[in-house]
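As C-alpha cells, the structure follows; a few thoughts come after it.
The values are calculated or read from the model by the stated rules, or taken from the named source; none is laboratory data. Note that this is a predicted model, so its numbers are computed, not measured. Glycine gets a Cβ as well: all are built from the backbone with ideal geometry, and neighbour counts include every protein chain shown.
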C-alpha cells in the first residue's frame, strides 16, 4: 500500500474521516498545527497499528559492511511480541491526498505536512494484512521481547533509522530492575 505518483498517504484506524484539519499532535515537538502524510518511500513506516512502537533500519549508500552484516537484510522493521496480535488483527486504512497540498517536513523529509485542511481524493482504502504487506515489500519484520537493544544499535550505526511511538515500548531492561 503505497501512494501513486503525485499522491501522499495518511494511515488511520478510523475509516470515517472526510476532512483532515491541521492539529498539534500529542507527541509533537513543534507548536504548529499540521495534517501529516507520507510519500511512497516512507509509507511502510506506517504499516502498523497506530499506537504500536516500532523501530526501522535500512541500508543506505554509506552503510558499512559491519552494519549491513548486523542488520542481515536490506530493510528491517521491529516490534515487540505484545503487539503481534494487533498487527494481525488491526483494521488499518489509507487515505490518499494530492501531494501538491503538502510540503516536506524536517531536514530529512521523513514526512510531508499540510497547514490547511485537506480532503481525501476518495474513500479510504483498507490496507489489509500487514504481515503480508511487509513480506511482499521484502521488508523483514522482527518480533522481539524489547525494542531498545535494536533501537540503540541501529541509531548508532551507519544505517538509515527511524523509531515511531517508542514511548509505548516496554521499558529498557535496565529500567525494569531499578
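Descriptive notes on the structure:
- Per the conditions (1) in a loop (DSSP other than H, G, I, E, B); (2) at pLDDT below 95, the sole criterion not satisfied by residue 36 is (1).
- Residue list for segment 141-168, restricted to those being under 14 Å from the mean Cα position of the chain (by Cα) and farther than 24 Å from residue 25 by Cβ: 141
- Looking only at segment 1-21, and only at residues there that are at pLDDT below 95 and in contact with a strand residue (DSSP E or B) (Cβ under 6 Å, 6 or more places away or on another chain), the one that is nearest to residue 93 (Cα to Cα): 1
- Check on residue 49, touching a helix residue (DSSP H, G or I) at 6+ places or on another chain (Cβ under 6 Å), outside any strand (DSSP E or B) and touching a residue at least 24 places away in the same chain (Cβ under 8 Å): yes
- When residues in segment 11-32 are screened for being under 15 Å from residue 115 (Cβ atoms) and surrounded by 10 or more Cβ atoms within 10 Å (Cβ to Cβ), 9 of them pass.
- Filtered by the rule that a residue be within 16 Å of the chain's Cα centre (by Cα) and farther than 20 Å from residue 17 by Cβ, segment 106-125 gives 106, 108, 109, 110.
- When residue 173 is tested against (1) touching a strand residue (DSSP E or B) at 6+ places or on another chain (Cβ under 9 Å); (2) farther than 23 Å from residue 34 by Cβ, exactly one condition is not met: (1).
- Of all the criteria given as (1) at pLDDT 95 or above; (2) within 27 Å of residue 25 (Cβ to Cβ), the one not satisfied by residue 132 is (2).
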